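Take a look at the structure set out below.
The values are calculated or read from the model by the stated rules, or taken from the named source; none is laboratory data. Predicted model, so just to flag it, every value in this text is computed and none were measured. Counting neighbours? That spans all protein chains shown, and the Cβs are built from the backbone with ideal geometry, glycine included.
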Amino acid sequence: MPCCGRVNSLNQVPIMTQRPLRVGIVGLGANTRLRHVPGLPAHQIAPEHARHVAGDARVVLYGTDVRDEDLPRLAVRPYPIQYVTPWTLKDGSSVLIRPIRPEDEPLIVKFHETLSEESVYMRFFHAMKLSQRVAHDRLVRICFIDYDREIALVAERDDPETGEPQILGVARFGKIHGTNDAEFSMLVGDRWQGLGLGTELLSKLIEIGRDEKVERIVADILPENYVMQHVCEKLGFVLERTMGADMVKAAIVL
Ligand SMILES: CC(C)(COP(=O)(O)OP(=O)(O)OC[C@H]1O[C@@H](n2cnc3c(N)ncnc32)[C@H](O)[C@@H]1OP(=O)(O)O)[C@@H](O)C(=O)NCCC(=O)NCCS
């Protein structure tokens, strides 16, 4: 039995702040190994800028008498901390490569603000306005993922000028329904391209794909995207270039 536990009703929160609060609570759940945590009672929750602050919060743990096998099964897979690794760019900058989290949304907005039209085109295969790329509905889907079906990695560091965290690149793969294949895509911020990050992110996706029992990782790449094609070939992807085709098909069997 848990030691204690009572979570305040969301009905007590003004309607305007319920949605972000729900996202925050679910995000906390996604980032915590919650099997041992039956309750996170929080009182006096107040909106503060884009965040919520709880004046009185406790973490409730199951007692040591509860065996691991008796703990409840999780509906959502916990944050895969085993995929968090530090790494150093060719220019000496240290980054943390880690799976994306729901609260990364504002950092992803800032990341998109820095991208050139060319990088956006190479990634999405067409022009896409900033307002479309940072639309909240889109970013919720991108940041709040089911780690059983997809993994997105971000490379993050603290900006030495402002001390604020910033995202330098994002890479993801999603399992293709009904197969053991996964499709990847990636985007490194223009300022950070050519420093080895794309290669490192893709090799991490390959490692994770093996751990996750993915059989094949595939991608479509624009024929003029020589950099992505080069990175893929370097890491063992086979490229299928068909004359006149819209896309180069890349695939690696794991
Ligand atoms: C493609 C992308 C992810 C690569 O990331 P990156 O961090 O710049 O890549 P890296 O620094 O690890 O490697 C770049 C490689 O391309 C090589 N390269 C650079 N210009 C090249 C060119 N014109 N032709 C071929 N190779 C080229 C570099 O020499 C380097 O290879 P090396 O390490 O063997 O020397 C990044 O450029 C990007 O985000 N581009 C825009 C979005 C995009 O294209 N996404 C892919 C959609 S599928």
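Here are a few things to note about the model shown:
- With respect to (1) away from the ligand (no atom under 11 Å from the Cβ); (2) surrounded by 14 or more Cβ atoms within 10 Å (Cβ to Cβ), the lone exception for residue 215 is condition (2).
- Output for the stretch 165-187, where each listed residue is more than 11 Å from the ligand (Cβ to nearest atom), in contact with a Leu (Cβ under 9 Å, 6 or more places away or on another chain) and over 15 Å from residue 208 (Cα atoms): 165, 166, 167
- Residue identified as within 16 Å of the ligand (Cβ to nearest atom) and aromatic (Phe, Trp, Tyr) among 111, 144: 111
- Of all residues in the stretch 128-156 being in a strand (DSSP E or B) and among the charged types (D, E, K, R), the one that is nearest to the chain's Cα centre (by Cα): 150
- Across the stretch 122-141, the qualifying residues are those that are of a type outside the set (D, E, K, R) and in contact (Cβ under 8 Å) with a residue 12 or more places away in the chain, and the one among them that is nearest to the ligand (Cβ to nearest atom) is 122.
- Which listed residue is touching a helix residue (DSSP H, G or I) at 6+ places or on another chain (Cβ under 9 Å), exposed (fewer than 15 other Cβ atoms within 10 Å of the Cβ) and not β-branched (Val, Ile, Thr), from 103, 164: 164
- So residue 141, is it surrounded by fewer than 19 Cβ atoms within 10 Å (Cβ to Cβ), touching a strand residue (DSSP E or B) at 6+ places or on another chain (Cβ under 9 Å) and at pLDDT below 95: no
- Within the stretch 188-200, the set of residues being surrounded by fewer than 21 Cβ atoms within 10 Å (Cβ to Cβ) and near the ligand (Cβ under 6 Å from one of its atoms) comprises 193, 194, 195, 196, 199.
- The strands (runs of 3 or more DSSP E) found wholly in the stretch 157-254 and carrying at least 1 residues that are free of Cβ contacts under 8 Å to residues at least 12 places away in the same chain occupy 238-240.
- Near pairs, Cβ below 6 angstrom, 6+ apart or cross-chain, from the stretch 85-99 (in contact (Cβ under 8 Å) with a residue 40 or more places away in the chain) to any residue that is exposed (fewer than 13 other Cβ atoms within 10 Å of the Cβ): 94/88; 96/86; 98/84
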